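To start, the structure under review is shown below, and the notes come after it.
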Amino acid sequence: MSFLQLTGIRKRFGATIALDGVDLEVRAGEVHALIGENGAGKSTLLNILSGLYANDAGEILLDGQPYAPASPAEARRRGIAHIHQELALCPHLSVAENILLGAEGSSLWLDRDRLIERASFLLSEFGRREIDPRARTGALAIADQQVVEICRALAWDARLILMDEPTSSLERVNVERLFRLIGQLRDRGIAVVYVSHFLEEVREIADRYTVLRDGKSVRSGELRDVSDSDLIAAMIGREIENIFPSRGQPIPGEIVLEVRDLASPPRLRSATFELRRGEILGVAGLVGSGRTDLVRALFGLQRATAGRITTRQGISLGYVSEDRKGEGLALPLSIADNMTISRLALCSRHGWLSRTRQASQAARIMEQLRIRAADAWTAVKRLSGGNQQKVAFGRLLHHDADVLLLDEPARGIDIGSKSEIYGEIVRLAREGKAILMVSSYLQEILGLCDRIAVMSRGRLSPARDAAKWTPDTIMEVAIGAA
């Protein structure tokens, strides 16, 4: 029996049609995967369910009764909680204060002892007694912060939890822990709508699925009855034979970057490697191992205290940050401004910035990367997360650097867009760019890179041909077991 039923949901933002007739059925006690490319309408649909937006047309039934929340607070009172991709916690408040935020009771005085007792009970239900309810939430690991989010949903007696890309910042061990929590929710009869770009995750945790494409629901059913290739074809409207493009037999050229014993405390202790034109060197490792510190030190974003960095004369470096919102993009500025800002000279005429040239060059890259937006002057903050990531990558294309430092270049991007970004990375390598790529997605590292090195506790292993690595051997080195 349906717990939640959506029929013909439509939503427009000005000239942009975000949803154009979406049907969705969610049953009590199931994990329902919502799948689709960036810009397909997934986040808009979740925002309607959580009371942030109102739909323009269509009908929503919750337990057979009409459902049209006027605010997120009303949605929570009706039993629907939304866990965003970017966690919506108050980092300066304690764990207990975050869990019970808005559900403290009607008393004029805040009973902190009762608050801590209630939070402790909710944490213990998920076997997380080690999380101190008095601890400052901002000091917790991301995985523990997600537990706090889930406990907050339970504090409101949520019957449906909406999860938007919940594993995008998690290591595998914490993904498995999250999946155990989701399994416990399902066992308690709580429904979960789960948004993810990782089909292997979807198959591991979800029961049924609905595919959105261009604001429409195009396919749904039992996951066990559909293949990955059929899901991908439904998502993007075409088949992709192989998400990773064929590299052939690349022939690396001259050494353009040489690093010896580079250190940047406290996380990066020692890194030595060489990077050649035309090659893709992958750096794997756990979060906090020092892999991001390596690329930041190479780009001059943090101080190196020891070691040597040598580049060939005239070589320029480009960088894509893993934190696109915090430092990778100027969100209030337009797509054109973000793409061209690192090399405005290409958009100038007689010493003056030409907005026409700026828009033209941005539009060319937008078409190349299939960025969905009304035009080049659209503010980046109005784009989906995946399209924002494409803008960050697009700035690298405009800058035309010789050495590309890519930190999680495909994070938060759907499968179709990943394939396009991967194709661009391989194309750039074929053109002679030297690429250093950091990724926590092992399939990405193994599928794209010519050589792989692994960061463990601040030390980078010697780079070896990618064919000599497997997911198991990478993890053994990453955790210090090899």
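The values are calculated or read from the model by the stated rules, or taken from the named source; none is laboratory data. Just so it is clear, the structure is predicted and the values come from calculations on it, not from any experiment. Cβ sites come from the backbone with ideal geometry, for glycine too, and all protein chains shown count toward neighbours.
The table that follows gives values for the structure above.
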read-out: Counted residues, region 247-263 - those being assigned to a strand (DSSP E or B), out of contact with any helix residue (DSSP H, G or I) (no Cβ under 8 Å at 6 or more places or on another chain) and β-branched (V, I, T); value: 2
read-out: Residue within region 383-400 that is among the aromatic types (F, W, Y) and in contact (Cβ under 8 Å) with a residue 24 or more places away in the chain present; value: yes
read-out: Count - residues of region 211-230 that are touching a residue at least 40 places away in the same chain (Cβ under 8 Å) and over 23 Å from E176 (Cα atoms); value: 8
read-out: Complete set of residues in region 372-387 that are at pLDDT 85 or above and more than 20 Å from R357 (Cα to Cα); value: K381, R382, L383, N387
read-out: So L101, is it at pLDDT below 90 and touching a Cys at 6+ places or on another chain (Cβ under 8 Å); value: yes
read-out: Residues located in region 279-298, provided they are part of a strand (DSSP E or B) and either at pLDDT below 95 or polar (S, T, N, Q) (or both); value: A284, G285
read-out: Residue within region 355-369 that is in a loop (DSSP other than H, G, I, E, B) and farther than 30 Å from P471 by Cα present; value: no
read-out: When residues of region 264-278 are limited to those that are touching a residue at least 60 places away in the same chain (Cβ under 8 Å), assigned to a strand (DSSP E or B) and among the small types (G, A, S), the one surrounded by the most Cβ atoms within 10 Å (Cβ to Cβ); value: A271
read-out: Elements of type strands (runs of 3 or more DSSP E) contained in region 396-482, each with 3 or more residues being more than 19 Å from the chain's Cα centre (by Cα); value: 434-438, 451-456
read-out: Residues of region 445-476 classified as without any contact (Cβ under 8 Å) to a residue 60 or more places away in the chain and either buried (at least 21 other Cβ atoms within 10 Å of the Cβ) or of a type in the set (S, T, N, Q) (or both), total; value: 4
read-out: Residue that is modelled with the highest pLDDT, among those in region 236-246 that are of a type outside the set (S, T, Y) and out of contact with any helix residue (DSSP H, G or I) (no Cβ under 6 Å at 6 or more places or on another chain); value: G237
read-out: Restricting region 294-350 to residues that are farther than 19 Å from F393 by Cβ and aliphatic (A, V, I, L, M), the residue that is surrounded by the most Cβ atoms within 10 Å (Cβ to Cβ); value: L294
read-out: Test: R118 is modelled with pLDDT of 85 or more and more than 27 Å from the chain's Cα centre (by Cα); value: yes
read-out: Flag for V320 being touching a helix residue (DSSP H, G or I) at 6+ places or on another chain (Cβ under 8 Å) and within 27 Å of M475 (Cβ to Cβ); value: yes
read-out: Flag for E59 being within 17 Å of V202 (Cβ to Cβ) and in the same structural domain as A158 (by TED's automatic domain parsing); value: no
read-out: Helices (runs of 4 or more DSSP H) enclosed by region 111-204 - at least 1 residues per element that are under 21 Å from V26 (Cα atoms); value: 142-155, 172-187
